[in-house]
Amino acid sequence: MKKKVYFKTFGCRTNIYDTQLLKTYIKDHEIVQNEQEADVIVVNSCTVTNGADSGLRTYINSARKNGTKIILTGCGAVSKGKDFFDKKEIFGVLGASNKDKINELISQDKTFYEIGNLNFIDTKIVSNYENHTKAFVKIQEGCDFACSYCIIPSVRGKSRSVPSKEIIKQVKLLAQNGYSEIVLTGTNIGSYGLKDKTTLGKLLQEIGKVNGIKRVRLGSLEPAQIDVSFKEILGEPWLEKHLHIALQHTHEKMLRIMRRRSHTQNDLALFNELSQKGFALGTDFIVAHPGESELIWQEALDNFKHFKLTHIHAFIFSPRDGTHSASMSERINGEIAKERLNILKDIVVQNNYEFRKKQKCILEILVESKKDGFYEGYDQFFNKIKITSKEDITKQWINVKKYECKEDCNYTRLEYEK
């Protein structure tokens, strides 16, 4: 019997890719855009925090009230799938290595628990992305790091890479289908190819040769992964002039407590080098992790001000069950944590504003959507711009010379460019 299937995606860019890949295996059923119409909801879950698990449970409890069958996949399938399944709260659990079974499993009326393994690598090509102007290409899976706060290696497995020939084949197909901006994603993309005697930099050199690709964006990198082969492509016009390099902290002692592989002084030297080459720079930062005393915080803040950061994903430490950090008894007052978080965000907002005011080059923008009367897109520095235009410019590339720089973002009128 043909069923209506809705996909609900939580979490990261990798999950966006995985959802699109799952959809390519649906052959005998109808994919719908409204979950109220669905007979089956496939939930591609995130489990990076305890809060993510809580949100997942809330969604599942709400979605199943109408008798809808719930299939759980993604990271939460590994960490919480057995619990949901044993309590009969979901119809099935689909491990990431079993994506190709989804059509068959939806067709049957028998509940299932197909968790699979953490050794798989996806090579099936995703050639189209619904409601996206850019395309995502997953180049690797898993992580070999052992950061004290992170659960991901235990639910995604060890790092393994998609063969470069498969990636290039996918990029070429996406370019033929009209996608000129691609985003490389994975659990830890900087580790690409290390077990296969190649590197992310070498892969990027090959991607840059594909006709039709105008911009390549990258997911999060680790500082130590910016090697010689990567630095060789920093001047390429197709590489986005924005890099997101995960620091997590700017104090040496905190990096050791977090079991990070980087060092503050090395990180600062790298960021200064990239900044001098004109890159906008983003990072992740965990505030109020156990061990972050007032003295350490003040020293970290002094260090932080020397990093020329223009973008930040900062968040307050949240203990994740099953990690070393969660076993550390010291906790920092919530109000103090919020204050520290806001200080970092305010510094980066000001940095970003100053960075945009200093720009003299033409901004290259892929227009992604229209919202509240403005067309919106991101320039090569991953800065948002709001555009006034009488014509529909969605999904178009535009070059902007004249624009107004405000604290929230840049603004322009299309007639300025005529």
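The values are calculated or read from the model by the stated rules, or taken from the named source; none is laboratory data. Quantities reported herein were computed from a predicted structural model and do not represent experimental measurements. Backbone-built Cβ (ideal geometry, glycine too); neighbour counts: all protein chains shown.
Quick look at the numbers
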| item | result |
| --- | --- |
| Residues satisfying the stated conditions in the stretch 297-315, i.e. assigned to a helix (DSSP H, G or I) and under 15 Å from N333 (Cα atoms) | W297 |
| Hey, G193 within 25 Å of T49 (Cα to Cα) and in contact with a strand residue (DSSP E or B) (Cβ under 9 Å, 6 or more places away or on another chain) or not | no |
| Considering residues of the stretch 220-250 that are part of a helix (DSSP H, G or I) and polar (S, T, N, Q) only, the residue surrounded by the fewest Cβ atoms within 10 Å (Cβ to Cβ) | S229 |
| The stretch 336-369, subset within 21 Å of the chain's Cα centre (by Cα) and part of a strand (DSSP E or B), residue surrounded by the fewest Cβ atoms within 10 Å (Cβ to Cβ) | S369 |
| Failed item, numbered, when D372 is tested on (1) outside the structural domain of N272 (by TED's automatic domain parsing); (2) more than 23 Å from the chain's Cα centre (by Cα); (3) modelled with pLDDT of 95 or more | (3) |
| Wholly enclosed strands (runs of 3 or more DSSP E) of the stretch 38-142 bearing at least 2 residues free of Cβ contacts under 8 Å to residues at least 60 places away in the same chain and buried (at least 23 other Cβ atoms within 10 Å of the Cβ) | 40-45, 69-74, 92-94 |
| Candidate set from the stretch 111-126 (those that are modelled with pLDDT of 90 or more and among the aromatic types (F, W, Y)); member that is nearest to T73 (Cα to Cα) | Y113 |
| Checklist (1) free of Cβ contacts under 8 Å to residues at least 60 places away in the same chain; (2) under 23 Å from I365 (Cβ atoms) applied to G219, failing item | (1) |
| Residue within the stretch 221-232 that is assigned by TED's automatic domain parsing to the domain that holds I189, modelled with pLDDT under 95 and small (G, A, S) present | yes |
| Of all residues in the stretch 149-188 being part of a strand (DSSP E or B) and of a type in the set (A, V, I, L, M, F, W, C), the one that is farthest from C46 (Cα to Cα) | I182 |
| Search result, residues across the stretch 258-268 that are within 25 Å of the chain's Cα centre (by Cα) and part of a helix (DSSP H, G or I) | T264, N266, D267, L268 |
| Filtered residue count, the stretch 375-392, keeping only those that are of a type outside the set (F, W, Y), within 23 Å of L239 (Cα to Cα) and touching a residue at least 12 places away in the same chain (Cβ under 8 Å) | 7 |
| Residues satisfying the stated conditions in the stretch 142-160, i.e. within 20 Å of N117 (Cβ to Cβ) and either of a type in the set (D, E) or within 17 Å of the chain's Cα centre (by Cα) (or both) | G142, C143, D144, I151, I152, P153, V155, R156, S159 |
| Lone unmet requirement of (1) assigned to a loop (DSSP other than H, G, I, E, B); (2) touching a His at 6+ places or on another chain (Cβ under 7 Å) for L255 | (1) |
| First in the stretch 254-272 and farther than 14 Å from E222 by Cα and modelled with pLDDT of 95 or more, second anywhere and β-branched (V, I, T) and part of a helix (DSSP H, G or I), Cβ under 7 Å, 6 or more apart | M254/I296 |
| Residue count, the stretch 384-418 (criterion: in a strand (DSSP E or B), in contact with a helix residue (DSSP H, G or I) (Cβ under 9 Å, 6 or more places away or on another chain) and surrounded by 14 or more Cβ atoms within 10 Å (Cβ to Cβ)) | 5 |
| Within the stretch 16-37, tally of residues that are in a loop (DSSP other than H, G, I, E, B) and aliphatic (A, V, I, L, M) | 2 |
| Looking only at the stretch 180-209, and only at residues there that are among the hydrophobic types (A, V, I, L, M, F, W, C) and buried (at least 18 other Cβ atoms within 10 Å of the Cβ), the one that is nearest to R259 (Cα to Cα) | I189 |
| Every residue from the stretch 275-289 that is crowded, with 20+ Cβ neighbours inside 10 Å and either within 30 Å of C361 (Cα to Cα) or of a type outside the set (G, A, S) (or both) | F279, A280, L281, G282, T283, F285, I286, V287, H289 |
